Amino acid sequence: MTRASSPTLLFDLDGTLTDNYPGIARSIAYALERMGAAIPDDATLRRCVGPPLRESFKWLLDSDDPPVIEQAIVLYRERYADVGWRENIVYEGIAEALAELASASPLYLCTSKPEVFARRIVGWRVSASLATDFVLDALEQAIYDRRGAGVEELVHHSDRGTQYLAMRYTARLAEASIAPSVGSRGDSYDNAMAESIIGLFKTEVIQRKGPWRHLEAVEFATLTWVDWFNTRRLLEPIGYVPPAEYEAQYYERLREPVAIAHDDATGTPNPAAIDDRGSWGSR
């Protein structure tokens, strides 16, 4: 069988190639300990691998109180982002099996780990200070931009800057049903994407076009750059299209009718048919 005609092989990461239990269990235990709750035995912790994290903490803490559950999730992510994700253990024989399969078939990894989507900038502000109003204005712009988008379980990632931890800011996040996720000291796991965009902006605008005479000039240059980034910059990770175009294509596909294939002989729907959006699933 040649590589060109061989099937494509898809592998799930957690639970198939690697055992992610150690990092998950230790991070859950860390969160429970920080909250003064009892740490369950190994068998109980293993039941938490798979279900949604919120559901597991509701069960472990015997609580439906959203602030309590969110606090547990923040503490869990604090440890998991630091060391937990690196505690996966590759199952015995997996490396050799993948090496053998790769010589005959294309291999792809499937995982539900968070992945940056369209990369469009939805909120920004320019200020001479780091007052809370500065970041609140950018947040309000982002919320307004995303009005009616139907986004659920939205997470706000940031570092530990005082403006992000201010009561007014966290209250606005809660009002908009946005869960805060703040990085632990000394790491940038939570705000790495934002930091990379800010670094790019500084390189392409602030450093290249300075020195700046006044704040208004920086604000206008920022407006111009953000518009260019969103509507004209071609990004390789999303197929060499601008972020705004990529989003528009995505929502257009969601509005397209789903085509259900029928069995030629009986005319009945095929429950494992591929739809016209290119995804497999039962109907």
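Figures for the structure shown
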item	result
Residue satisfying all of: in segment 185-204; crowded, with 18+ Cβ neighbours inside 10 Å and under 19 Å from the mean Cα position of the chain (by Cα); modelled with the lowest pLDDT among these	D190
Conditions (1) surrounded by fewer than 19 Cβ atoms within 10 Å (Cβ to Cβ); (2) more than 24 Å from P180 (Cα to Cα); number of the one not met by L45	(1)
Filtered residues of segment 205-245 (kept if free of Cβ contacts under 8 Å to residues at least 40 places away in the same chain, in a helix (DSSP H, G or I) and surrounded by 15 or more Cβ atoms within 10 Å (Cβ to Cβ))	V205, I206, A221, W225, E245
Cross-chain or 6+ apart pairs with Cβ under 8 Å, segment 22-36 first and over 18 Å from P67 (Cβ atoms), then of a type in the set (K, R)	G23/R86; A25/R46; R26/R79; S27/R77; S27/R79; Y30/R79
Filter pass, E33 being charged (D, E, K, R), more than 20 Å from the chain's Cα centre (by Cα), part of a loop (DSSP other than H, G, I, E, B) and outside the structural domain of L173 (by TED's automatic domain parsing)	no
Segment 130-157 residues that are surrounded by fewer than 16 Cβ atoms within 10 Å (Cβ to Cβ), paired with ones that are modelled with pLDDT under 80 and of a type in the set (V, I, T) (beta carbon under 9 Å, 6 or more apart)	L130/T162
Residue list for segment 87-98, filter: out of contact with any strand residue (DSSP E or B) (no Cβ under 9 Å at 6 or more places or on another chain) and surrounded by 10 or more Cβ atoms within 10 Å (Cβ to Cβ)	E87, A95, A97
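The values are calculated or read from the model by the stated rules, or taken from the named source; none is laboratory data. Here the structure is a predicted model, which is why all the values come from computation and not from measurement. Here the Cβ is made from the backbone with ideal geometry for all residues, glycine too, and neighbour counts use every protein chain on show.
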